[in-house]
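Written below as structure tokens is the structure these notes are about.
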Amino acid sequence: MADAGRLTKASKSTLSDLLVAIGVIAVVMMMIIPLPAFVLDALMTANLILSLLIILIVLYTRNALEFSVFPTLLLIVTVFGLALNVSSTRLILSQGSEFKGRIIRAFATFVVGARGLEGYVIGFIIFFIIIAVQFIVITKGATRVAEVAARFTLDSLPGKQMAIEAEYNSGLINEEEATTKKNNLQRETDFYGAMDGASKFVQGNVKVGILITVINIVGGIIVGMTIHGESWQVAFDTYISLTIGDGLVTQLPALLISTSTGIIVTRAISDASFGLDVSRQFSNQPRPYIIAAGFLAVLAILPGFPWYILFPFSAMLGGLSLSLRRKKSAAEEEEKLREVSEREKGPAVEMSPVVPLDPLSLELGYGLIPLVDKDHGAELLDRITRIRREAALDLGLVVPRIRIIDNMRLDPSEYCFKIRGVEVGRGRVKMSYYLAINPGGIKEEIPGESTRDPAFGLPATWITEENREKAEQLGYTVVDPPSIVATHLTEI
């Protein structure tokens, strides 16, 4: 069953790759091979549907990484739209008044109608308004936002990588989570870098749309009068009407794509869709609605303003403000009751199924507690702080905070080091004694208890204060208990 599932996934992946490759090749061939009118209608409809789907997907996307194919898809859709422009221009110039493309004629009839020169002027005004909005407002703004987002994402990359490493080193995340975060960070950087370049395609698409419009009008009139033998009036009516229809049917999907580009590069990472975020944030404050309602009411009583429109809107905003205020008050009361209930119950004991492991810990027997007791000087704490500081300065390595624990299971004079719960070193320390370490070559022995240095494993002897000076004169290395533990930590 598992093999069958893998084969099914592999076959689906192969089919998807094949369909994409065929689609790209077909887009290129559209610029070379003349298309029948009904095929052009079908492809223009598909272009409109695809653009509509893209903007809807963007609106329901919580963050850009959920639609990371957008930059590449933007390029393919832009080339597809340009290929349709080339194909429609070829058909319009070659067929003239006999052009049979129903989608283009439908747009032309709907906008221009049969109003003669007035219809042409209105059609051109609508077309150029769409071009202006798309180029000057949406595309230019989206391009600038994409540039800034790419720059800031790249600048913040080292800091985010260091933050992930710090979380991993401190044990807040495991290796798998760290790898996932690094991959997502790389995908985010690649996405905004790609969007910085992909937004230029949208700008170019708008410019080419204007150029194709001019070519259709000028070239169409010339072709109609010289090749098709049409009169000036017939050629003008035919090619102006078809050019307006062609411009609208190609620029409307381009407008949707431009809007999608602007939305996705300005969309902050969120846990909800765009619509849900708008609903939440518009319902946070009831006061703006009552102010807007009052403003509309004042406008409604002024002479000349349509009160029958303004008063209903004012009443609607006022009612919405009251509704939001009630909901906010109810939520605040519920929060107060919850706080009172929690105080009456007392602090809840938080149970965790797994005790988090410390990155580095030092466990002490109860006889060694004076080493870290502030009433007794806490010399070991100062030594550990110094070791961490020296490691950071000399090696550039930030040693995690060392958690010191008294472990009743250890012998009173025993200690051990653990890294994430795994023991990496153990030793014994006799309080009020010194450890005389034989560096080698000293034959005379000194009275005391024979042992070995826990850090290096050298022969050593536990001696009292009375024999300390004699041991130093003989050449022994004499260290106190805090130094023993600190040296062992440095060696680990």
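Values quoted throughout were computed directly from the atomic coordinates according to the rules given, and no laboratory measurement underlies them. Since the structure is predicted, the reported quantities are computational estimates derived from the model, not experimental observations. In this analysis, Cβ positions are derived from the backbone assuming ideal geometry, glycine residues included, and neighbour counts consider all displayed protein chains.
Below is a table of values for the structure above.
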{"read-out": "Nearest 10 degrees, 0 to 90: helix 481-491 Cα axis against the chain principal axis", "value": "40"}
{"read-out": "Orientation-averaged projected area, Cα convex hull of segment 20-280 (nm²)", "value": "16.5"}
{"read-out": "Packing-based ranking, highest mean first, of 97-110, 406-419 given that Cβ atoms within 10 Å are counted", "value": "97-110, 406-419"}
{"read-out": "Degrees, to the nearest 10: 102-111 long Cα axis against longest axis of the chain", "value": "80"}
{"read-out": "Cα→Cβ-extended label distance, 7 Å offset, between Leu322 and Val39, nm", "value": "6.4"}
{"read-out": "Residue-averaged 222 nm ellipticity for the chain, from DSSP H runs of 4+ at -39500 (n - 2.57), nearest 500", "value": "-22500 deg cm²/dmol"}
{"read-out": "Calculated P(r) of segment 360-491 - Cα pairs past 18 Å, %", "value": "56"}
{"read-out": "Under Karplus coefficients 6.51, -1.76 and 1.60, residue-wise ³J(HN,Hα) of segment 199-212 in Hz, glycine/proline x", "value": "5, 5, 5, 5, 4, x, 5, 5, 4, 5, x, 5, 4, 5"}
{"read-out": "Degrees, to the nearest 10: 307-345 long Cα axis against longest axis of the chain", "value": "20"}
{"read-out": "Segments 330-339, 133-142, 24-33 sorted - mean Cβ within 10 Å per residue, highest first", "value": "133-142, 24-33, 330-339"}
{"read-out": "Net lengthening on full extension, Gln203/Glu334 (0.36 nm per residue, minus Cα-Cα)", "value": "42.0 nm"}
{"read-out": "Relative pair counts by distance (%), Cα atoms of segment 287-343, 5 Å bins", "value": "4, 21, 18, 14, 11, 8, 8, 6, 5, 3, 2, 1"}
{"read-out": "Over the chain, relative contact order from alpha-carbon pairs under 8 Å, at least 6 apart, %", "value": "14"}
{"read-out": "Semi-axes of the equivalent ellipsoid for the chain, Cα gyration tensor, largest first, Å", "value": "77, 34, 19"}
{"read-out": "Proximal charge balance of Glu469 [Cβ under 15 Å; K/R count +1, D/E count -1]", "value": "-3"}
